[in-house]
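The values are calculated or read from the model by the stated rules, or taken from the named source; none is laboratory data. Worth saying up front: this structure is predicted, and the values here are computed from it rather than measured. Every residue, glycine as well, gets a Cβ built from its backbone with ideal geometry; the counts of neighbours run over all protein chains shown. To get the accessible areas, we keep the full protein, side chains included, count just its heavy atoms, and leave off ligands, DNA and RNA. Shrake-Rupley method; radii C 1.70, N 1.55, O 1.52, S 1.80 Å.
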There are 2 protein chains.
Amino acid sequence: MGLVVQKYGGSSVADAEGIKRVAKRIVEAKKNGHQVVVVVSAMGDTTDELIDLAEQVSPMPSGREFDMLLTAGERISMALLAMAIKNLGHSAQSFTGSQAGVITDSVHNKARIIDVTPGRIRTALDEGNIAIVAGFQGVSQDKKDITTLGRGGSDTTAVALAAALDAEVCEIYTDVDGVFTADPRVVKKAKKIDWIAFEDMLELAASGSKVLLHRCVEYARRYNIPIHVRSSFSGLQGTWVSNAPIQQGDQKVEQAIISGVAHDTSEAKVTVVGVPDKPGEAASIFRAIADAEVNIDMVVQNVSAASTGLTDISFTLPKTEGRKAIDALEKARNVIGFDSLRYDDQIGKISLVGAGMKTNPGVTAGFFEALSDAGVNIELISTSEIRISVVTRADDVPEAVRAVHTAFGLDSDSDEAVVYGGTGR
Amino acid sequence: MGLVVQKYGGSSVADAEGIKRVAKRIVEAKKNGHQVVVVVSAMGDTTDELIDLAEQVSPMPSGREFDMLLTAGERISMALLAMAIKNLGHSAQSFTGSQAGVITDSVHNKARIIDVTPGRIRTALDEGNIAIVAGFQGVSQDKKDITTLGRGGSDTTAVALAAALDAEVCEIYTDVDGVFTADPRVVKKAKKIDWIAFEDMLELAASGSKVLLHRCVEYARRYNIPIHVRSSFSGLQGTWVSNAPIQQGDQKVEQAIISGVAHDTSEAKVTVVGVPDKPGEAASIFRAIADAEVNIDMVVQNVSAASTGLTDISFTLPKTEGRKAIDALEKARNVIGFDSLRYDDQIGKISLVGAGMKTNPGVTAGFFEALSDAGVNIELISTSEIRISVVTRADDVPEAVRAVHTAFGLDSDSDEAVVYGGTGR
């Protein structure tokens, strides 16, 4: 029996009852002979409450102080969790990100882990303790300031610790049963995926699936740490994310041709209209965007109209970055030399992901046919080796997702309602 | 202009408005040319809320985890305070106890400061920052675990930092105007004390005055750091606590014969009845008490009755320790050999404090006369060089305090109501 890292999200430890329930589950793993390291997020709404307080005292809180503030959240949940475990008769010690050796760069609010030196965790484990570690936080290498890892950071903490401690598995406990072939709120017949390869999971995460974030999966792939996404409310097997297919009983789970359909309505589309079709134009557009520190997603350039020598360049980006991008482009207007800018935040993105599409030439055609049959108009297309994404009107997204899900045979046969976001099991 | 340490209690930073008000005051000190270090407690009820959560998950929370939990409180208030100061256009950085170099022993929940190494605070100040430090917390020297200093710990943090940084003064901001000649809730005519010597303040603190705790004053005296206790709600001068009298305008404030009257109704009295009057009896009683880690206050032994050779020994102790003490004595009954135990928690203690009583022989007599005139019966008496304390019925305490306060000419001439616990000025 090896070392297991378990991560519990805020909804699993939302109140004292939740903490006690999670404590029991942790103790079970320990009783089964594992060394157990637990990464925990802040309780339920704590983070939102702290953000609200910050906004009351300052409209633009300093990044350093914001991180100092937010990290109080995990401090509370981890100490309570350690107490609850001790109350069950097992020894536990809690550690801040800094104490656990989570070393990051100095970019407050979205720091990156650059090293993990879990000496104190090793010692605690060797002394027979369950180690509880604050997710989402670390300490900067140069200034020794407290940092946070940004959205989904606790998952990354868990995977990084699992890698540094050479864990058998990193279990991500959440309020859903695993990763599904589509968002069950949109597709009632979505199925839980038993196993998915790192590559497919990366594409799903990049395409809007919210169960695991891209960064966390990327980390797990780099260090080859199997992730097991499962519900903290049930004892069911969830979704395994790893390099090689898992065994289920006597059988190996087969690699699916198509892993799932993801969608994302959090993006907007910017079109730069009337760009001179000559070398360096695209570069100057995306230099302006990059200098404004805006992350973009899809980029499409249409063929230029022969008559004008002008072309249009479109790209998608998070809606929250829209203002910044437009401002940056307007500022660089003279350098770039475009006609006008169009901003459209009523778009949605639908992506079909599957390693099998590399060797199944009919996938792309089938995808477009399904959309067409559903009467969905396509505005942009972008593909990778194992993913096809299209941009459509936001309103069309639910119907488009359902149509594609059915067309690729992903619908569940069972009439049972899928458990999603439930707290009953 | 030198370095000033300011400490703000939980009631001063109870909400966002309080934090913004305190931020303004801090910025004023900075504008006046001071280097400013601020020690802050947890906001209002935060600590109580965290204790409540701990009780929900575990009836006997581990000391280490309890400290980890509680220290989240100051983390929140200090980060918010730093944000609020930045919002006023001044640079500020917050530091945990550990980051500020507050090194303690390993006794969780009531750790003692054993060293302060404020290198990061110095650097922050030298770079022009206001430094905000979490009160009440430190890090243990041996295990590097987070510790808390116990009740009133933030005051001690402030004084310890003031000593380590060689500050001009340690300002303790609170919700009262300073130290009074008696508790203004009991004595309407109590006066604010302009200056009081460390020794007198130590005796007042030990006798039930709650404005400053004994430990903090002791620390300040050892390192000769003047303390200025004042209201965070007004701009008034408060009470100076120091070695030498302060100047007020052209005049030195004179040392008063009597500093004030303190009272305490938090103690109980234990009487060990029928103790053989022979050497070693008292020792075995107090060894049993000490082994149970019970702190006692006054001890009185009556003259033994010649007929029986038995005597009674009484002592007072915090009510919260009563059960432990009785259990310890019952257990040691055979060794000690007493007749019975009496436990009385309906007592009060009244103390008269003043360095002047050393050279004014009439003080003791005047004290007893005042109590007698008020019809108050005395049960125990104990004295030091600059203090007389008596134990009476708890019901008699308010009347007794008022009588003594008047008899020693401490009553204020003014008809103005004393501000106490107010938030209006």
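Quick rundown of the values:
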{"quantity": "Test: B:L69 is within 9 Å of chain A (Cβ to nearest Cβ), open to solvent by less than 10 Å² (accessible area, probe 1.4 Å), in contact with a Leu (Cβ under 7 Å, 6 or more places away or on another chain) and modelled with pLDDT of 95 or more", "calculated": "yes"}
{"quantity": "Index of the failed condition, A:D155 passing every other in (1) in contact (Cβ under 8 Å) with a residue 24 or more places away in the chain; (2) outside any loop (DSSP other than H, G, I, E, B); (3) over 26 Å from A:A206 (Cα atoms)", "calculated": "(3)"}
{"quantity": "Hits in region B:253-295 (condition: open to solvent by 60 Å² or more (accessible area, probe 1.4 Å), within 17 Å of B:E330 (Cβ to Cβ) and assigned to a loop (DSSP other than H, G, I, E, B))", "calculated": "B:E293"}
{"quantity": "Per-region count, region B:373-383, residues open to solvent by less than 40 Å² (accessible area, probe 1.4 Å) and closer than 20 Å to B:Q301 by Cα", "calculated": "2"}
{"quantity": "Residue pairs meeting the criteria (Cβ under 8 Å; at least 6 apart or on separate chains; first free of Cβ contacts under 8 Å to residues at least 60 places away in the same chain and of a type in the set (A, V, I, L, M, F, W, C), in region A:53-64; second surrounded by 16 or more Cβ atoms within 10 Å (Cβ to Cβ) and not in a helix (DSSP H, G or I))", "calculated": "A:A54/A:P61"}
{"quantity": "Test result for A:A205, surrounded by fewer than 24 Cβ atoms within 10 Å (Cβ to Cβ), of a type in the set (A, V, I, L, M, F, W, C), in contact (Cβ under 8 Å) with a residue 12 or more places away in the chain and assigned to a helix (DSSP H, G or I)", "calculated": "yes"}
{"quantity": "Residue in region A:35-53 that is of a type in the set (S, T, Y), more than 7 Å from chain B (Cβ to nearest Cβ) and out of contact with any Asp or Glu (no Cβ under 8 Å at 6 or more places or on another chain) present", "calculated": "yes"}
{"quantity": "Count - residues of region B:1-34 that are among the basic types (K, R) and more than 14 Å from every other protein chain (Cβ to nearest Cβ)", "calculated": "4"}
{"quantity": "Filter result (of a type in the set (G, A, S), surrounded by 22 or more Cβ atoms within 10 Å (Cβ to Cβ) and either part of a helix (DSSP H, G or I) or more than 7 Å from every other protein chain (Cβ to nearest Cβ) (or both)) within region A:54-64", "calculated": "A:A54"}
{"quantity": "Single condition B:A160 does not satisfy, out of (1) within 14 Å of chain A (Cβ to nearest Cβ); (2) in a helix (DSSP H, G or I)", "calculated": "(1)"}
{"quantity": "Complete set of residues in region A:73-89 that are within 7 Å of another protein chain (Cβ to nearest Cβ) and either at pLDDT below 95 or surrounded by fewer than 24 Cβ atoms within 10 Å (Cβ to Cβ) (or both)", "calculated": "A:K86, A:N87"}
{"quantity": "Failed criterion for A:D48 (all others in (1) modelled with pLDDT under 95; (2) touching a Cys at 6+ places or on another chain (Cβ under 6 Å) hold)", "calculated": "(2)"}
{"quantity": "Residues (part of a helix (DSSP H, G or I), aliphatic (A, V, I, L, M) and in contact (Cβ under 8 Å) with a residue 60 or more places away in the chain) located in region A:65-93", "calculated": "A:M68, A:L70, A:L80, A:L81, A:A84, A:I85"}
{"quantity": "Residues being exposed (fewer than 12 other Cβ atoms within 10 Å of the Cβ) and not hydrophobic (A, V, I, L, M, F, W, C) - total across region B:359-372", "calculated": "3"}
{"quantity": "Count of residues meeting criterion [open to solvent by less than 40 Å² (accessible area, probe 1.4 Å) and in contact with a helix residue (DSSP H, G or I) (Cβ under 9 Å, 6 or more places away or on another chain)] in region B:342-358", "calculated": "11"}
{"quantity": "Residue in region B:14-26 that is part of a strand (DSSP E or B) and surrounded by 20 or more Cβ atoms within 10 Å (Cβ to Cβ) present", "calculated": "no"}
{"quantity": "Residue count, region A:208-252 (criterion: touching a residue at least 12 places away in the same chain (Cβ under 8 Å) and in a strand (DSSP E or B))", "calculated": "10"}
{"quantity": "Long-range neighbours under 6 Å by Cβ, at least six apart or interchain, first residue within 18 Å of B:I26 (Cα to Cα) within region B:113-125, second modelled with pLDDT under 95", "calculated": "none"}
{"quantity": "Residue in region A:164-178 that is farther than 27 Å from A:A82 by Cα and modelled with pLDDT of 95 or more present", "calculated": "no"}
{"quantity": "Filter result (free of Cβ contacts under 8 Å to residues at least 60 places away in the same chain and of a type in the set (A, V, I, L, M)) within region B:336-374", "calculated": "B:A365, B:A370, B:L371, B:A374"}
{"quantity": "Answer from A:S259, A:S242, A:S266, A:S284 - the residue that is more than 29 Å from the chain's Cα centre (by Cα) and of a type in the set (S, T, Y)", "calculated": "A:S284"}
{"quantity": "Sole exception among (1) touching a residue at least 40 places away in the same chain (Cβ under 8 Å); (2) open to solvent by less than 20 Å² (accessible area, probe 1.4 Å); (3) closer than 23 Å to A:A29 by Cα for A:T148, by number", "calculated": "(3)"}
{"quantity": "Filter result (within 11 Å of chain B (Cβ to nearest Cβ) and either open to solvent by less than 10 Å² (accessible area, probe 1.4 Å) or among the charged types (D, E, K, R) (or both)) within region A:90-123", "calculated": "A:A92, A:S94, A:F95, A:R120"}
{"quantity": "Of residues in region A:214-247 being over 20 Å from A:G354 (Cα atoms) and small (G, A, S), the one most open to solvent (accessible area, probe 1.4 Å)", "calculated": "A:G235"}
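Rundown of residues vs (1) within 21 Å of the chain's Cα centre (by Cα); (2) in a loop (DSSP other than H, G, I, E, B); (3) among the hydrophobic types (A, V, I, L, M, F, W, C), yes/no style:
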site: A:N109; (1), (2), (3): yes, yes, no
site: A:G128; (1), (2), (3): no, yes, no
site: A:A131; (1), (2), (3): no, no, yes
site: A:D166; (1), (2), (3): no, yes, no
site: A:C170; (1), (2), (3): yes, no, yes
site: A:A190; (1), (2), (3): yes, yes, yes
site: A:I196; (1), (2), (3): yes, no, yes
